[in-house]
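The values are calculated or read from the model by the stated rules, or taken from the named source; none is laboratory data. Here the structure is a predicted model, which means the values were calculated and not measured. A quick note on method: Cβ atoms are made from the backbone with ideal geometry, for glycine too, and the neighbour counts reach across all protein chains shown. To get the accessible areas, we keep the full protein, side chains included, count just its heavy atoms, and leave off ligands, DNA and RNA. Shrake-Rupley method; radii C 1.70, N 1.55, O 1.52, S 1.80 Å.
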Amino acid sequence: MTEPAAPPAQTPASSKPNTRTGARLAVVQALYEMEISDKGVIDALAEFEAFWIGQEIDGVAHPPAEIAFFRDVLRGAVEEQRAIDPKLDAALAKGWPLRRLEVVLRAILRAGAYELMFRRDVPARAAISQYVDVAHSFYGGDEPGMVNAVLDRVGREVRSTEFGIPAAPKKA
């Protein structure tokens, strides 16, 4: 069992996280682990539900998570990857395709794009903000800003009306 990328231990101010926030963090960690270890979705779901979510491991508290949401976003990010990756490639700066990004960053963007493209029950701005927060759990540099910019571009394309952009007229 490979230990997933771990965010810093929780501080007292964040000791009672939202269970969807915990699910998003677990999804990113599971996507990371799947990519570095060649695990499948079923194995990752079982491992995270049994050993990581809501547990403290080596002094790192892994927050509780809404399991149904965790399962949906993890499965969806993997199953819809063929639709997600081209959207992310188009939103990234020219010359920086998704495959060139570091594994955790790729996982954050894929999970965020899945929510924007396929989870209409989650407001676009809320999803973007949540994944920027997840990025802050792993990075202290420019990466959270890049996550914000890329997911904002995807959100404006796939949910334009939520951003006040009029829908394109339908062709006859």
> Which of the residues spanning the range 145-168 are over 15 Å from Arg24 (Cα atoms) and within 17 Å of the chain's Cα centre (by Cα)?
Replying inline: Gly145, Met146, Asn148, Ala149, Val150, Asp152, Arg153, Val154, Gly155, Val158
> Where in the range 72-146 are there helices (runs of 4 or more DSSP H), lying wholly inside it, with at least 1 residues that are without any contact (Cβ under 8 Å) to a residue 40 or more places away in the chain and acidic (Asp, Glu)?
Replying inline: 81-91
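This table checks each residue for (1) modelled with pLDDT of 95 or more; (2) open to solvent by less than 30 Å² (accessible area, probe 1.4 Å); (3) on the phi < 0 side of the Ramachandran plot.
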{"site": "Asn18", "(1), (2), (3)": "no, no, yes"}
{"site": "Asp38", "(1), (2), (3)": "no, no, no"}
{"site": "Phe48", "(1), (2), (3)": "no, yes, yes"}
{"site": "Ile53", "(1), (2), (3)": "no, yes, yes"}
{"site": "Arg119", "(1), (2), (3)": "yes, no, yes"}
>> Of the conditions (1) modelled with pLDDT under 95; (2) surrounded by 20 or more Cβ atoms within 10 Å (Cβ to Cβ); (3) of a type outside the set (Val, Ile, Thr), Lys94 satisfies every one except a single condition; which number is it?
In response: (2)
> How do the pairs read when you match residues in the range 43-69 that are without any contact (Cβ under 8 Å) to a residue 24 or more places away in the chain with residues anywhere that are surrounded by 18 or more Cβ atoms within 10 Å (Cβ to Cβ) and part of a loop (DSSP other than H, G, I, E, B), using Cβ under 6 Å and keeping only pairs 6 or more apart or on different chains?
Replying inline: Gln55/His62
